[in-house]
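The values are calculated or read from the model by the stated rules, or taken from the named source; none is laboratory data. Here the structure is a predicted model, which means the values were calculated and not measured. Neighbour counts are summed over all protein chains in view; Cβ atoms, including those assigned to glycine, are modelled from backbone coordinates with ideal geometry. Surface areas here come from the heavy atoms of the whole protein model, side chains and all, with no ligands, DNA or RNA. Shrake-Rupley method; radii C 1.70, N 1.55, O 1.52, S 1.80 Å.
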Amino acid sequence: MKLLEVKNLKTYFTISQGTVKAVDGISFDLDYGEALGLVGESGCGKTTSALSIAHILPKEGQIVDGEILLEGTDLAKMDEKEINKYRWNDVSICFQGAMNALNPVMKIGDQIAEAIVLHQGLSKEDALKKAASLLELVDIPGERISNYPHEFSGGMKQRVMIAMALACDPKIMIGDEPTTALDVMVQAQILNLIEKLRREFNMGFILITHDLSILAETCDKIAVMYAGKIVEIAKAKDIFENTLHPYTDMLIKCFPDITKGKVMPEGIPGAPPNMLELPPGCAFAPRCKYACDRCRQEVPEPQEVGEGHFVSCHNWEVIANG
Amino acid sequence: MAKIFEVENLKVHFKIKGTFGSSKKTVKAVDGVSFSIDEGEVLSLVGESGSGKTTTGKALLQLVPYTCDKMLFKGEEIDKSKAGLKKFRQKAQMIYQDPYQSLNPRNEVLDIVSEPLMVNKLTDSEEDRLARSKAALEEAGMIPGEEYFFRYPYELSGGQRQRVVIASSMIMKPEFVVADEPVSMLDASIRTGILRLMMKFREETGVAYLFITHDLSLAWLISDRIAIMYLGKIMEIGDSDIIVNGGLHPYTQALAEIMPKPGQSRQGERNVLEGETPDPTDVVEGCKFCSRCPVRMEKCEHEEPPMTEVEPGHQVACWRVAK
């Protein structure tokens with residue numbers, strides 16, 4: 001059995017201007033110890049996917065269809081009371097901007113212990129002991145549980161967030177841009193740490209980022225999202241070496257490659273679509289150089305074109321043949 | 001080629017009060033840097049947060065108090081009188097990092113773009129102001145310009161905001177621009193558009209940039225030369241290809257090593273530097289990088305390495321190189 005199977009997940013937001021299909025029928029699976037990268041531009045539904053899996057959507061958002069199978073148990077239709085058994089115990093999230101996610105007037109140890117007391121029913125004393133050992137796990141001396149957030153550097157605060165996410169020995173950890181606000185050297189340290197922990201605990205890891213360049217070396221699988229849909233998903237190697245979706249191709253070309261000459265990347269013309277007024281066919285068609293009439297009318301369905309390699313594009317064969 | 005900026009031994013020290021009024025401490029944000037920028041050149045300053053990149057940029061634009069042995073703009077001392085600075089700033093501009101914060105939310109795009117013209121009384125009629133604002137916006141890729149005149153910043157996307165910021169810097173036709181992480185808040189897909197725009201202005205007007213970034217691959221892509229900063233000092237400066245592929249300073253090498261290479265999976269762990277940047281108020285006797293250096297020697301702890309020229313235009317501050 002797979003650790004996590006997401007099938008045709010749809011999460012919609014109802015706002016005064018209409019319905020936003022933030023996540024519109026995504027499917028993927030994740031194995032024990034596997035790392036999946038979710039990548040795409042701002043507003044493509046990466047974070048909403050993560051929030052749906054952990055059931056912490058804002059009140060306007062709702063899972064309207066699909067299944068989220070955690071070791072065979074469907075989380076999608078659970079109510080608040082049932083989901084509480086799984087949230088943080090089995091699925092935890094480490095957010096972007098660690099500086100803002102920690103409570104400035106609460107000791108670090110108390111903040112970590114809070115989750116342990118709530119989800120695992122340990123006494124405060126035992127929870128604090130566990131908090132100290134968790135800090136050691138992320139290379140911070142255990143005695144620093146009695147420090148306040150302002151006494152830590154940005155990188156250390158992000159480590160604390162990771163320790164917190166690990167507090168209840170989750171089976172899946174989701175990192176939502178966990179290194180975006182950090183310096184490159186600290187970013188590399190954090191990515192090393194996450195990789196070490198993932199191996200140690202055989203934990204599934206979902207890394208959400210807009211930075212495709214760090215995914216190649218961090219993840220086993222990569223899913224590229226555009227306007228609420230996964231347009232291409234494959235092994236990391238295939239995403240880069242056997243790219244089939246024009247959006248993936250353009251996204252890769254946005255990053256400078258020092259192994260090649262100094263060529264200014266092409267960038268992607270236009271802007272992501274307004275999620276309230278999506279075009280009738282493929283949402284990427286207005287920005288795509290391969291777009292044909294069919295693309296403008298008919299939404300492409302995901303097709304399996306290789307082992308575990310799915311692509312949603314009418315013209316993938318044209319692209320595959322160069 | 002003529003130099004647009006020359007600085008020698010630039011220092012910016014901030015005095016801060018200790019906790020509960022304990023003795024004052026000095027933060028040596030920039031501690032003796034020397035470099036020059038040619039006309040039309042792009043020089044990148046690369047380093048971690050707190051390395052003094054932004055402060056160096058601000059000092060050049062006379063926005064923070066500093067000391068130095070020499071600072072020349074187009075070969076002349078900068079006139080620091082009020083009128084002199086006003087004139088200087090017509091020629092030297094800044095592009096800030098965060099287009100979500102650097103635009104006044106209550107001003108319409110037209111007011112933002114034309115503000116430099118109004119402040120400097122460079123326009124005499126409303127028609128002229130509109131025409132020049134339209135041209136500036138269109139140069140920055142906001143076409144048609146007048147469509148955007150009466151929009152507020154919240155109605156624009158991040159990329160469009162940064163284009164407005166650039167339009168208002170470029171309306172003065174500056175000769176030197178400090179660009180402080182101009183694309184780090186933007187999506188990768190939009191970044192290249194902004195970078196291309198900056199390079200287009202360089203080709204058309206010959207403007208020189210001091211490009212501040214923590215992203216070595218971006219610096220490599222757009223600049224002629226790169227200076228690597230650490231704790232207020234320049235560790236190495238040279239041609240961008242040399243810095244990325246043949247850097248001699250251990251810090252440069254560490255930065256180049258962890259630079260993500262798209263499409264290449266990594267064998268084993270990233271080779272990262274241990275620890276974190278020391279507190280800038282601590283007094284470091286020898287080399288500032290010493291505490292994290294994987295190849296430090298005893299000498300490094302006591303004596304600061306001099307800037308050594310290893311080949312024309314390539315300078316390194318490291319005892320391993322200086323011998």
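Descriptive notes on the structure:
- Positive end of the dipole of segment A:59-127 (Cβ unit charges, origin at the Cα centre): among A:GLN62, A:ALA76, A:ILE93, the Cα lying farthest that way belongs to A:ILE93.
- The HN-Hα couplings worked out from phi for segment B:65-78 by the Karplus form 6.51 cos²θ - 1.76 cosθ + 1.60 (θ = phi - 60°) are x, 8, 10, 6, 7, 7, 9, 10, 10, 6, x, 10, 5, 7 Hz, whole numbers, x standing for Gly and Pro.
- Surrounding net charge for A:LEU193, when Lys and Arg each add one and Asp and Glu each subtract one, Cβ distance under 14 Å: -1
- Residue of A:MET185, A:MET164, A:MET106 that the Gaussian network model of chain A assigns the largest fluctuation, springs spanning Cα pairs under 10 Å: A:MET185
- Cα coordinate range in segment A:33-115, projected on the principal axes (Å, largest first): 40, 33, 33
- Overall size of segment B:1-153 from C-alpha positions, given as principal axis extents largest first: 55, 46, 30 Å.
- Average other protein chain Cβ within 10 Å of Cβ, residues A:257-268: 5
- Exposure of A:TRP88 as accessible area (Å², to 10), given a probe of 1.4 Å and all protein chains: 50 Å²
- Protein accessible surface hidden between B and A, which excludes ligands and nucleic acids, total in Å², probe 1.4 Å: 3500 Å²
- Relative frequency of Cα-Cα separations exceeding 16 Å in segment A:94-182, percent: 48 percent
- Within segment B:86-141, all pairs of alpha-carbon atoms sorted by distance into 5 Å bins from zero give the percentages 4, 16, 23, 28, 22, 6, 1.
- The distance separating the Cα centre of segment A:194-261 from that of segment A:1-25 comes to 21 Å.
- Ordering A:GLY142, A:HIS245, A:TYR226 by Cα displacement along the dipole of segment A:140-291 toward the positive end leaves A:HIS245 in first place; charges were set at the Cβ atoms of Lys, Arg (+1) and Asp, Glu (-1).
- Summarising the strand pairing of chain B, around 60 percent of its internal DSSP beta bridges are antiparallel.
- Furthest towards positive pole of dipole, B:LEU60, B:PHE5, B:LEU85, structure part segment B:1-105, Cβ charges: B:LEU85
- Value of [θ]222 nm, deg cm²/dmol, for chain A, DSSP H segments ≥ 4, -39500 (n - 2.57) each, nearest 500: -9000 deg cm²/dmol
- Neighbourhood net charge (9 Å Cβ-Cβ; Lys/Arg +1, Asp/Glu -1) for B:LYS24: +3
- Computed from Cα atoms, the angle from the helix A:124-137 axis to the main principal axis of chain A rounds to 50 degrees.
- Measuring between alpha carbons in the structure, the pairs from B:LYS53/B:LYS200; A:LYS46/A:LYS253; A:LYS107/B:LYS24; B:LYS121/B:LYS173 lying more than 22 angstrom apart are B:LYS53/B:LYS200; A:LYS107/B:LYS24.
- Taken about its Cα centre, the protein assembly as shown carries a charge dipole of about 1320 debye when Lys and Arg each add +1 at the Cβ and Asp and Glu each add -1 at the Cβ.
- Amide proton proximity set for A:GLY40, modelled H, under 5 Å, gap of 5+: A:THR209, A:MET225
- Extending 7 Å from Cα along the Cβ direction at B:LYS261 and again at B:GLU309 yields two label points whose distance is 3.3 nm.
- Overall, the accessible surface of the protein assembly as shown at a probe of 1.4 angstrom is composed of carbon and sulfur to the extent of 49 percent.
- Considering only B:GLU181, B:GLU204, B:GLU236, the mean-square fluctuation computed in a Gaussian network model of chain B, springs between alpha carbons under 10 angstrom, is largest for B:GLU204.
- Look at the stretch A:216-227: the mean tally of other chain Cβ atoms within 10 Å of its residues' Cβ atoms is 2.
- Taking only the Cα atoms of the protein assembly as shown, the ratio Rg/Rh comes out at 0.97, with Rh defined as the Kirkwood radius.
- Net charge dipole size for segment A:1-138 [Lys, Arg +1 and Asp, Glu -1 on Cβ; Debye, nearest 20]: 320 debye
- Burial ranking of peptide ranges A:148-155, B:288-295 (average Cβ count within 10 Å, highest at the top): B:288-295, A:148-155
- Computed from point charges on the beta carbon alone (+1 for Lys and Arg, -1 for Asp and Glu), the dipole magnitude for chain B about its Cα centre is near 700 Debye.
- Karplus-derived HN-Hα couplings along segment A:166-173 (A = 6.51, B = -1.76, C = 1.60, θ = phi - 60°), whole Hz, x at Gly and Pro: 8, 3, 10, 6, x, 8, 10, 10
- Rolling a 1.4 Å probe over the heavy atoms of the protein chains gives segment B:225-315 an accessible area of 47 Å² per residue.
- Alpha carbon centroid spacing (whole Å) that separates segment B:205-231 from segment A:104-130: 45 Å
- Relative packing of peptides B:239-247, A:48-56 - highest average C-beta neighbours within 10 Å first: A:48-56, B:239-247
- Comparing B:GLY206, B:GLY84, B:GLY141 in a Gaussian network model of chain B where C-alpha atoms under 10 Å apart are linked, the largest mean-square fluctuation is found at B:GLY84.
- For segment A:207-271, the average shadow cast by the Cα convex hull is 4.7 nm², which is a quarter of the hull's surface.
- Mean Cβ count within 10 Å, highest first, over the residues of peptides B:255-261, B:6-12: B:255-261, B:6-12
- Phi angles across segment A:214-224 convert, under the Karplus curve 6.51 cos²θ - 1.76 cosθ + 1.60 with θ = phi - 60°, into 3J(HN,Hα) values of 7, 5, 4, 8, 10, 10, 7, 10, 10, 10, 9 Hz, Gly and Pro given as x.
- Global form of segment A:13-80, assessed from the alpha-carbon gyration tensor, a/c cut-off 1.5: oblate
- For residues of B:44-52, the mean tally of beta carbons on other chains within 10 Å: 2
- For the pair segment B:305-323 / segment B:183-198, the C-alpha centres are spaced 34 Å from each other.
- Beta bridges per DSSP with both ends in chain A, % antiparallel, nearest 5: 60 percent
- Mean projected area (nm²) of the alpha-carbon convex hull when chain B is viewed from all directions: 19.7 nm²
- DSSP-defined antiparallel bridges as percent of all bridges, the protein assembly as shown, nearest 5: 60 percent
- Taken along its three principal axes, the alpha carbon spread of chain A comes to 66, 49, 40 Å, from the longest extent down to the shortest.
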